[in-house]
Amino acid sequence: MNLQENLKKYAGLILKVGLNIQPGDNLLLRFSVDGLALAREIARQAHALGVHTIYPVFSDDEMTLARFLNAPEAAFSEYPAFFVDFTEAAYKDNYHVLNLSSPNPELLKQVALGRISAWQKVTGKASERLMTYTMGNKVKWCVAALPSPAWAMSVFPGKTEEEAVSALWQKIFEATRVTEQDPVAAWQRHEAELKRHGDFLNDQAFQYLLFQAPGTDLTVYLPKGHVWMGGSSTVERGEAFMPNIPTEEIFSMPHAFKVEGTLAATKPLFTRGRMIEGIRFTFKDGLVVDFDATEGREILADMLDTDEGARRLGEVALVGDDSPISRTGLLFKNTLFDENAACHFALGQAYSECLMGADDMSPEEQQQAGMNKSLIHVDFMVGGPQLDVIGVKEDGSRVHLLKQGNWVV
Ligand code: ZN
Ligand code: ZN
């Protein structure tokens with residue numbers, strides 16, 4: 001099948017399953033120069049589905065890099081307030097967000113770390129207000145990816161640029177089930193499977209989980225009233241949407257103050273335009289009390305220093321080692337894919353939808369219940385063929401959930 005046909009199927013999947021477009025919806029469409037062909041296909045199909053207006057928000061890696069390298073220091077201490085107001089106004093006017101992401105995994109390799117972390121804090125702070133719309137399911141949002149030449153070359157260094165882009169497209173189409181005859185139907189089956197695992201875990205209501213693998217021996221308590229989620233979310237006015245394409249995870253909230261032991265990452269982490277490899281943590285009372293990395297330790301240290309919540313866990317996610325993304329055998333160097341190929345945790349902010357009644361609690365009550373708060377939310381992968389996960393109930397009974405990386409329930 002040629003690229004054009006797959007692109008059409010991919011655009012259709014994003015609009016029908018990702019955003020579940022309804023007549024009268026509007027779109028904030030974020031993309032870069034590499035996403036133009038897909039953005040145009042999205043526009044053709046979106047309007048035919050009833051979208052009134054698409055507002056393009058354009059970004060470009062070269063321009064981003066130019067700013068990080070050449071702009072004065074003061075540029076990184078303030079975020080344009082008008083842009084937050086603009087986005088909030090759009091959200092209130094039935095605009096939903098589609099992010100077509102194609103990041104160069106190591107774009108900011110040469111940039112001084114202080115600039116990256118200053119900007120990270122400023123954008124985190126500025127977008128707190130906007131996060132209540134996306135994280136709180138007031139608007140529909142979807143992140144999907146497409147290859148940029150820089151990303152593709154970094155994943156397939158031996159190939160020519162053209163070959164690399166085409167190879168990465170193929171992997172993205174496989175990982176997102178676009179290669180199946182009817183991707184939308186395939187996603188409905190997939191969604192039902194995810195919900196089944198989620199329902200099972202919710203019925204069990206485990207008190208804590210044990211993670212065991214080389215370098216990992218971790219006890220993770222779950223808050224009372226924790227909820228396992230997976231697949232689609234539901235927007236306030238009622239329709240379902242799929243925040244990430246692809247998604248293979250069932251996730252919940254670890255107790256921010258009750259995590260003990262050691263944890264070793266199994267894949268490098270690409271974040272803030274940099275790479276961190278060989279991550280190891282030691283937790284006590286939920287807090288990272290010791291850490292190391294074989295590469296990029298200073299980036300990790302900087303990330304952990306964002307705020308107190310940056311040193312605690314905000315997400316625990318289970319993914320079978322036989323997921324379609326894992327079976328591609330590829331390190332995508334992109335968290336959207338790599339986190340869906342392996343069990344993972346996130347440092348930082350927890351999702352309130354993972355705690356029953358959280359939206360009606362005060363911030364103090366949320367914290368007391370064990371919900372973590374932070375300006376960051378950074379996923380890192382711990383899964384693989386050597387990981388066992390065991391659930392333990394309040395009465396002490398144990399259920400093996402994953403054995404050698406795969407679901408056994
Ligand atoms: Zn996750
Ligand atoms: Zn996450």
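The values are calculated or read from the model by the stated rules, or taken from the named source; none is laboratory data. Because the structure is a prediction, the values reported are computed rather than measured. For neighbour counting, all protein chains shown are included, and Cβ atoms are generated from backbone atoms with ideal geometry for every residue, glycine included. Heads up: the accessible areas ignore ligands, DNA and RNA and are worked out on the full protein's heavy atoms, side chains in. Shrake-Rupley method; radii C 1.70, N 1.55, O 1.52, S 1.80 Å.
A crude spin-label estimate for the pair residue 86 and residue 179, with each label 7 Å from Cα along the Cβ direction, gives 4.0 nm. Near residue 178, once Lys and Arg are set to +1 and Asp and Glu to -1 for all other residues with Cβ below 10 Å from its Cβ, the sum equals 0. For segment 1-145, the extents of the C-alpha atoms along the principal axes are 45, 37, 20 Å, listed from largest to smallest. Look at the alpha carbon pairs under 8 Å that are at least 6 residues apart: their mean separation over the length of the chain gives a relative contact order of 15 percent. In whole percent, how big is the carbon plus sulfur part of the accessible area of the chain, probe 1.4 Å, protein atoms only? For the chain, the apolar C and S fraction of the accessible surface comes to 51 percent.
Coupling constants for segment 250-257 follow from the phi torsions by the Karplus curve (6.51 cos²θ - 1.76 cosθ + 1.60, θ = phi - 60°), and in residue order they are 10, 10, 8, 10, x, 6, 4, 10 Hz; glycine and proline get x. Working from Cα pairs under 8 Å separated by at least six residues, relative contact order for segment 203-287 is 27 percent. Spatially, segment 133-209 and segment 66-117 are offset by 24 Å when compared through their Cα centroids. The convex hull of the Cα atoms of the chain, projected and averaged over all directions, covers 19.0 nm².
Taken about its Cα centre, the chain carries a charge dipole of about 400 debye when Lys and Arg each add +1 at the Cβ and Asp and Glu each add -1 at the Cβ. Rg and Dmax of segment 272-409, both derived from C-alpha coordinates alone, stand at 16.1, 46 Å.
Computed from the C-beta positions of residue 395 and residue 277 and an R0 of 30 Å, the FRET efficiency is 0.15 to the nearest 0.05.
Averaged per residue, segment 283-380 has 38 square angstrom of accessible surface, using a 1.4 angstrom probe with ligands and nucleic acids left out. Using a Förster distance of 41 angstrom, determine the FRET efficiency expected from the C-beta separation of residue 295 and residue 125, and round it to 0.05. Using R0 = 41 Å, I get an efficiency of 0.90. Each peptide in 240-251, 75-86 receives the mean, over its residues, of other Cβ atoms within 10 Å, and ordering these scores from highest gives 240-251, 75-86.
Calculated mean residue ellipticity at 222 nm for the chain: -9500 deg cm²/dmol, from DSSP H runs with n ≥ 4 weighted as -39500 (n - 2.57), summed, divided by the residue count and rounded to 500. When the P(r) is computed for segment 232-305, the part past 18 Å accounts for 58% of the Cα-Cα pairs.
Taken about its Cα centre, segment 349-398 carries a charge dipole of about 240 debye when Lys and Arg each add +1 at the Cβ and Asp and Glu each add -1 at the Cβ. Comparing Cα centroids, segment 6-55 and segment 244-313 end up 34 angstrom apart. Considered as an equivalent ellipsoid built on the Cα gyration tensor, segment 146-219 has semi-axes of 35, 23, 7 Å, the largest given first. Classify segment 57-215 as rounded, prolate or oblate, taking a ≥ b ≥ c as the square roots of the eigenvalues of its Cα gyration tensor: rounded when a/c is under 1.5, otherwise prolate if a/b is larger than b/c and oblate if not. Oblate is the answer for segment 57-215, as a/c is 1.5 or above yet b/c matches or exceeds a/b.
Per residue, segment 1-130 exposes an accessible area of 50 Å² to a 1.4 Å probe, with every protein chain left in place. Straight Cα distances below 24 angstrom link residue 92 to the lysines 16, 125, 138, 140, with same-chain residues fewer than 8 positions distant left out. Shape index of segment 150-274: Rg/Rh, with Rg the Cα radius of gyration and Rh the Kirkwood radius from the inverse mean 1/r over Cα pairs, equals 1.05. Note on the chain: GNM, Cα springs under 10 Å; of 213, 89, 264, the largest mean-square fluctuation is that of 89. Ranking 90, 152, 118 by Cα position along the charge dipole of segment 82-165, where only Lys, Arg, Asp and Glu carry charges on their C-beta atoms, puts 118 farthest toward the positive end.
Accessible surface of residue 190, taken over heavy atoms with a 1.4 Å probe and every protein chain present, rounds to 20 Å².
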